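The values are calculated or read from the model by the stated rules, or taken from the named source; none is laboratory data. From a predicted model like this one, the values you see are computed outputs, not experimental measurements. Ideal geometry is used to build each Cβ from the backbone, glycine not excepted, and the neighbour counts take in all protein chains shown. Surface areas here come from the heavy atoms of the whole protein model, side chains and all, with no ligands, DNA or RNA. Shrake-Rupley method; radii C 1.70, N 1.55, O 1.52, S 1.80 Å.
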Amino acid sequence: MVHDGKVICESFVLLEYIDETWKHHPLLPHDPYDRAIARFWACFVEEKILENAWIAMCSEGEEKEKATKIAIDAVERIEELLKGKQFFGGDDIGYLDLAVGWVSHWLPVWDEVGSTKILDPLRFPSTTSWATNFLGHPLIRDNLPPKDKMLDYFHQKKGRIMASRARV
(Lines give C-alpha, C1' and ligand atoms only; values in the text may rest on other atoms or scores of the structure.)
Protein backbone atom coordinates (compact mmCIF):
# COMPACT_ATOMS: atom_id res chain seq x y z
CA MET A 1 0.00 0.00 0.00
CA VAL A 2 1.17 3.52 -0.71
CA HIS A 3 -0.14 6.27 1.58
CA ASP A 4 1.12 9.86 1.44
CA GLY A 5 3.98 8.68 -0.75
CA LYS A 6 5.10 6.08 1.80
CA VAL A 7 5.14 2.36 0.99
CA ILE A 8 3.79 0.00 3.64
CA CYS A 9 4.43 -3.73 3.16
CA GLU A 10 3.26 -6.95 4.84
CA SER A 11 -0.41 -7.50 5.57
CA PHE A 12 -0.28 -7.49 9.39
CA VAL A 13 1.84 -4.32 9.41
CA LEU A 14 -0.54 -2.75 6.91
CA LEU A 15 -3.56 -3.51 9.10
CA GLU A 16 -1.84 -1.96 12.13
CA TYR A 17 -0.94 1.11 10.04
CA ILE A 18 -4.57 1.48 8.99
CA ASP A 19 -5.67 1.07 12.62
CA GLU A 20 -3.29 3.77 13.80
CA THR A 21 -3.92 6.16 10.89
CA TRP A 22 -7.71 6.08 10.70
CA LYS A 23 -8.69 6.04 14.37
CA HIS A 24 -12.42 6.72 13.75
CA HIS A 25 -12.97 3.01 13.00
CA PRO A 26 -10.39 1.01 14.95
CA LEU A 27 -9.48 -2.48 13.78
CA LEU A 28 -7.66 -3.57 16.93
CA PRO A 29 -9.24 -3.60 20.39
CA HIS A 30 -8.50 -0.62 22.64
CA ASP A 31 -7.15 -2.69 25.55
CA PRO A 32 -3.40 -3.49 25.16
CA TYR A 33 -3.86 -7.09 26.33
CA ASP A 34 -6.71 -7.67 23.85
CA ARG A 35 -4.54 -6.13 21.11
CA ALA A 36 -1.73 -8.54 21.94
CA ILE A 37 -4.13 -11.49 21.89
CA ALA A 38 -5.48 -10.46 18.46
CA ARG A 39 -1.91 -10.26 17.15
CA PHE A 40 -1.12 -13.67 18.66
CA TRP A 41 -4.08 -15.34 16.94
CA ALA A 42 -3.21 -13.71 13.60
CA CYS A 43 0.31 -15.20 13.82
CA PHE A 44 -1.09 -18.53 15.05
CA VAL A 45 -3.40 -18.85 12.04
CA GLU A 46 -0.61 -17.94 9.63
CA GLU A 47 1.89 -20.36 11.19
CA LYS A 48 -0.45 -23.28 11.89
CA ILE A 49 -3.20 -23.10 9.28
CA LEU A 50 -1.72 -21.20 6.31
CA GLU A 51 1.58 -23.05 6.25
CA ASN A 52 0.10 -26.49 6.86
CA ALA A 53 -2.91 -26.09 4.57
CA TRP A 54 -0.48 -25.10 1.80
CA ILE A 55 1.69 -28.15 2.50
CA ALA A 56 -1.40 -30.39 2.58
CA MET A 57 -2.58 -29.02 -0.77
CA CYS A 58 0.80 -29.52 -2.42
CA SER A 59 1.90 -32.87 -1.02
CA GLU A 60 0.94 -36.51 -0.77
CA GLY A 61 1.15 -39.37 1.68
CA GLU A 62 2.48 -38.94 5.20
CA GLU A 63 3.51 -35.32 4.64
CA LYS A 64 -0.03 -34.44 3.52
CA GLU A 65 -1.61 -36.33 6.44
CA LYS A 66 0.63 -34.64 9.02
CA ALA A 67 0.06 -31.15 7.63
CA THR A 68 -3.70 -31.72 7.38
CA LYS A 69 -3.84 -32.85 11.01
CA ILE A 70 -1.91 -29.81 12.24
CA ALA A 71 -4.17 -27.47 10.27
CA ILE A 72 -7.35 -29.17 11.54
CA ASP A 73 -6.07 -29.02 15.12
CA ALA A 74 -5.48 -25.29 14.66
CA VAL A 75 -8.98 -24.76 13.21
CA GLU A 76 -10.33 -26.45 16.35
CA ARG A 77 -8.71 -23.68 18.41
CA ILE A 78 -10.21 -21.03 16.13
CA GLU A 79 -13.62 -22.71 16.43
CA GLU A 80 -13.51 -22.17 20.20
CA LEU A 81 -12.67 -18.47 19.75
CA LEU A 82 -15.61 -17.93 17.42
CA LYS A 83 -18.35 -19.70 19.37
CA GLY A 84 -21.28 -17.33 19.80
CA LYS A 85 -19.70 -14.54 17.75
CA GLN A 86 -20.45 -13.10 14.34
CA PHE A 87 -16.84 -11.89 13.98
CA PHE A 88 -13.74 -12.39 16.10
CA GLY A 89 -14.27 -9.07 17.89
CA GLY A 90 -18.04 -9.40 18.17
CA ASP A 91 -20.44 -7.61 15.84
CA ASP A 92 -18.00 -5.83 13.51
CA ILE A 93 -15.12 -6.87 11.28
CA GLY A 94 -11.81 -6.06 12.94
CA TYR A 95 -8.10 -6.72 12.73
CA LEU A 96 -8.25 -10.46 13.32
CA ASP A 97 -11.06 -10.97 10.80
CA LEU A 98 -9.04 -9.16 8.15
CA ALA A 99 -5.76 -10.84 9.13
CA VAL A 100 -7.24 -14.34 8.81
CA GLY A 101 -9.96 -13.59 6.29
CA TRP A 102 -8.12 -15.67 3.69
CA VAL A 103 -9.41 -18.74 5.59
CA SER A 104 -12.95 -17.94 4.42
CA HIS A 105 -12.15 -17.77 0.70
CA TRP A 106 -8.80 -19.45 0.05
CA LEU A 107 -8.99 -22.43 2.38
CA PRO A 108 -12.08 -23.97 0.73
CA VAL A 109 -10.28 -23.62 -2.62
CA TRP A 110 -7.13 -25.23 -1.20
CA ASP A 111 -9.28 -28.00 0.28
CA GLU A 112 -10.76 -28.67 -3.16
CA VAL A 113 -7.44 -28.51 -5.00
CA GLY A 114 -5.66 -30.68 -2.43
CA SER A 115 -8.55 -33.09 -1.84
CA THR A 116 -8.52 -32.29 1.88
CA LYS A 117 -11.26 -31.28 4.26
CA ILE A 118 -9.59 -28.93 6.70
CA LEU A 119 -12.53 -26.53 6.94
CA ASP A 120 -15.32 -29.07 7.47
CA PRO A 121 -18.63 -27.20 8.00
CA LEU A 122 -20.06 -30.02 10.14
CA ARG A 123 -17.04 -30.13 12.41
CA PHE A 124 -16.54 -26.37 12.54
CA PRO A 125 -19.96 -24.67 12.45
CA SER A 126 -18.81 -21.47 14.19
CA THR A 127 -15.87 -21.04 11.83
CA THR A 128 -18.13 -21.74 8.86
CA SER A 129 -20.67 -19.21 10.12
CA TRP A 130 -17.91 -16.63 10.59
CA ALA A 131 -16.68 -17.30 7.04
CA THR A 132 -20.20 -16.81 5.69
CA ASN A 133 -20.58 -13.55 7.63
CA PHE A 134 -17.16 -12.33 6.53
CA LEU A 135 -17.66 -13.21 2.87
CA GLY A 136 -21.13 -11.67 2.95
CA HIS A 137 -19.91 -8.26 4.04
CA PRO A 138 -20.12 -5.91 1.00
CA LEU A 139 -16.56 -4.60 1.39
CA ILE A 140 -15.25 -8.15 1.33
CA ARG A 141 -17.69 -9.77 -1.10
CA ASP A 142 -17.27 -7.08 -3.75
CA ASN A 143 -13.46 -7.30 -3.74
CA LEU A 144 -12.72 -11.02 -3.90
CA PRO A 145 -11.25 -12.87 -6.84
CA PRO A 146 -13.69 -15.30 -8.49
CA LYS A 147 -13.50 -18.83 -7.10
CA ASP A 148 -13.17 -20.44 -10.55
CA LYS A 149 -10.08 -18.34 -11.31
CA MET A 150 -8.60 -19.24 -7.94
CA LEU A 151 -9.24 -22.93 -8.58
CA ASP A 152 -7.51 -22.69 -11.97
CA TYR A 153 -4.56 -20.80 -10.48
CA PHE A 154 -4.02 -23.17 -7.55
CA HIS A 155 -4.49 -26.31 -9.67
CA GLN A 156 -1.76 -25.01 -11.96
CA LYS A 157 0.45 -23.99 -9.03
CA LYS A 158 0.04 -27.40 -7.40
CA GLY A 159 0.78 -29.12 -10.73
CA ARG A 160 4.04 -27.20 -11.09
CA ILE A 161 5.07 -27.96 -7.51
CA MET A 162 4.26 -31.66 -7.85
CA ALA A 163 6.09 -31.83 -11.19
CA SER A 164 9.20 -30.21 -9.74
CA ARG A 165 9.15 -32.66 -6.80
CA ALA A 166 8.83 -35.60 -9.19
CA ARG A 167 12.01 -34.49 -10.99
CA VAL A 168 14.09 -34.41 -7.81
Query raised in the report: At 222 nm, what helix-only mean residue ellipticity would the chain give, in deg cm²/dmol to the nearest 500, using -39500 (n - 2.57) for each DSSP H run of four or more?
Result: -20000 deg cm²/dmol
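Check the chain and count each lysine pair with an alpha-carbon distance under 12 angstrom, considering only pairs eight or more places apart or from different chains.
Eligible lysine pairs with Cα atoms under 12 Å apart amount to 4.
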Query raised in the report: Pick the calculated Cα extents along the principal axes in Å for this structure from (1) 134, 41, 25; (2) 52, 41, 28; (3) 61, 37, 27?
Result: (2)
Query raised in the report: In square angstrom, rounded to the nearest 10, how much accessible surface does R35 have for a 1.4 Å probe?
Result: 50 Å²
Query raised in the report: Per-residue accessible area for L14 at 1.4 Å probe radius, Å² rounded to 10?
Result: 40 Å²
Report summary line: Over segment 22-100, with neighbouring protein chains present, the accessible area per residue in Å² at probe 1.4 Å is 57 Å²
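Compare V113, V2 by solvent-accessible area with a 1.4 Å probe and give them largest first, with all protein chains kept in place.
On the way: V113 10, V2 105 Å².
Descending order: V2, V113.
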Query raised in the report: If you rank Y95, Y17 by how much accessible surface each has, with a 1.4 Å probe, what is the order from largest down?
Result: Y17, Y95
Query raised in the report: Taking the Cα centre of the chain as the origin and placing charges on Cβ (Lys, Arg +1; Asp, Glu -1), which of H3, I70, G114 is farthest toward the positive end of the dipole?
Result: G114
Query - Solvent exposure, largest accessible area first (probe 1.4 Å, DNA, RNA and ligands not counted), of H25, H3 - result: H25, H3
Query raised in the report: Hey, what angle do you get for helix 11-21 against the long axis of the chain, alpha-carbon based, 0 to 90 degrees rounded to 10?
Result: 10 degrees
Query raised in the report: Ignoring ligands, DNA and RNA, what percent of the 1.4 Å accessible area of the chain is carbon and sulfur?
Result: 56 percent
